[in-house]
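Heads up, the thing below is written out as structure tokens.
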């Protein structure tokens, strides 16, 4: 049971799903098809108090304005499925598209009432002002109608809404009060392994779930991008859900381009979901998907679980043409800074061999945005670069500019945006299009082969950053080559 009061009117929802109002009834707001007051004379209350004439419905809540009343009822299987209003309607607060008063005459209640239609969206909560009404709908938007003289409808004007035809139902302007997930998201994971699992988010040091309300293919794509995987398909299974706390509800990623942080939601830990409605079981490939998902019943309700599918062996496009980034180029280098989760791009040349670059750009993984950090580096392409986490610096070796080959060595410090020329006692031959690997434990760089001045090289050199010294390996080596790659698994190249 629940009850509500507004100045000269009081209402109560009864245990049997009916509702009763008493008090001032001049505008028909008591729902009896008359203008009589109820409760001011003997024998009008108690068992003699009539129920509101709403027809065959179960009342969820009664909402009262100054001279109008609304009922949030169940006409089908769901609470809050239907909304209707009666009483004084001159400002359109009843939502009928007219200025009529409803309920002050016989034959205007019950089956004659107008049930508001929001294009399939269910009203979740309803409030009433003196002469206006607002509803929070199942898509997390708010719609208001009635008196707008003081801007209380949120439409950006002082015009009334709902007092004329073609202003109501799905034509009402939607007010959005959701917020972006943003930097509050501290982490993201799929619990289950591979390219599938429960979607969990880290907020304020704790892991929580995403409710499947609003969960769609676009949200799945954003999750996969944040996890460094490609693809992203949402799938719904029947399952037992997940034990845990829900942190995100009504997620909307329609306008997101790079990250789930750009998606909107109701607010952290603001939800009306249970853990059984969590988003997150999916498959990487059909061949490894479980063929059986057990059914768990909650009363007579089958629980549906949303899932995400990511491809581990695929490419994702993170390009955002609306945000400035580095010019197109080739034969450049990129290194990865694990501490700041960002990549540094340096040098290269455009399709025209006469346009070479010496700029440094940072790509921040969290925001998916580029920013230029230096413009005065050595101009070249076909060089090599490695990242030294200990000094937070990038080492750049050799390369070419037009027909000139280099064998110089530079160190770029990100925090100070400064270049330092390193001058070891001796250096390998000038070259470009060689391979390089970084031995982080010993802070040493290994350089192999590449294209020299008029010939292809096949030598192997090691540079120690600590000693600032080059040494050449005398071991037998593969044939001379260029434009190849090298990796450093443990202690071998």
**Residues of the stretch 212-221 that turn out to be buried (at least 24 other Cβ atoms within 10 Å of the Cβ) and either touching a strand residue (DSSP E or B) at 6+ places or on another chain (Cβ under 6 Å) or modelled with pLDDT under 85 (or both), as a count** = 4
**Prompt:** Residues in the stretch 143-158 that are surrounded by fewer than 18 Cβ atoms within 10 Å (Cβ to Cβ) and closer than 19 Å to residue 177 by Cα: how many?
**Reply:** 6
**Asked** Looking at the stretch 131-141, is at least one residue assigned by TED's automatic domain parsing to the domain that holds residue 72, more than 20 Å from residue 68 (Cα to Cα) and out of contact with any strand residue (DSSP E or B) (no Cβ under 7 Å at 6 or more places or on another chain)?
**Response** yes
**Message:** If the requirement is being surrounded by fewer than 15 Cβ atoms within 10 Å (Cβ to Cβ) and either part of a strand (DSSP E or B) or at pLDDT below 95 (or both), which of these qualifies: 421, 410?
**Reply:** 421
**Item:** Among residues of the stretch 473-493, those that are loosely packed, with under 12 Cβ neighbours inside 10 Å, farther than 20 Å from residue 394 by Cα and touching a strand residue (DSSP E or B) at 6+ places or on another chain (Cβ under 7 Å), counted
**Value:** 2
**Asked** Can you name every residue in the stretch 329-355 that is at pLDDT below 90 and over 29 Å from the mean Cα position of the chain (by Cα)?
**Response** 351, 352, 353, 354
**Prompt:** Out of all the residues in the stretch 74-103, which are modelled with pLDDT of 95 or more and either more than 25 Å from residue 153 (Cα to Cα) or touching a helix residue (DSSP H, G or I) at 6+ places or on another chain (Cβ under 9 Å) (or both)?
**Reply:** 102
**Request:** Select, from 391, 384, the only residue that is in the same structural domain as residue 462 (by TED's automatic domain parsing), at pLDDT 95 or above, surrounded by fewer than 18 Cβ atoms within 10 Å (Cβ to Cβ) and more than 33 Å from the chain's Cα centre (by Cα).
**Result:** 391
**Asked** Considering the stretch 201-222 alone, what residues qualify as being assigned to a loop (DSSP other than H, G, I, E, B) and more than 14 Å from residue 260 (Cβ to Cβ)?
**Response** 204, 205, 212, 213
**Message:** Looking for something crowded, with 20+ Cβ neighbours inside 10 Å, over 19 Å from residue 82 (Cβ atoms) and within 30 Å of the chain's Cα centre (by Cα) - is there at least one such residue anywhere in the stretch 159-174?
**Reply:** no
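Would you confirm, using the coordinates I've provided, whether residue 454 is in a loop (DSSP other than H, G, I, E, B), under 19 Å from residue 381 (Cα atoms), at pLDDT below 95 and out of contact with any strand residue (DSSP E or B) (no Cβ under 9 Å at 6 or more places or on another chain)?
yes
The values are calculated or read from the model by the stated rules, or taken from the named source; none is laboratory data. Here the structure is a predicted model, which is why all the values come from computation and not from measurement. Here the Cβ is made from the backbone with ideal geometry for all residues, glycine too, and neighbour counts use every protein chain on show.
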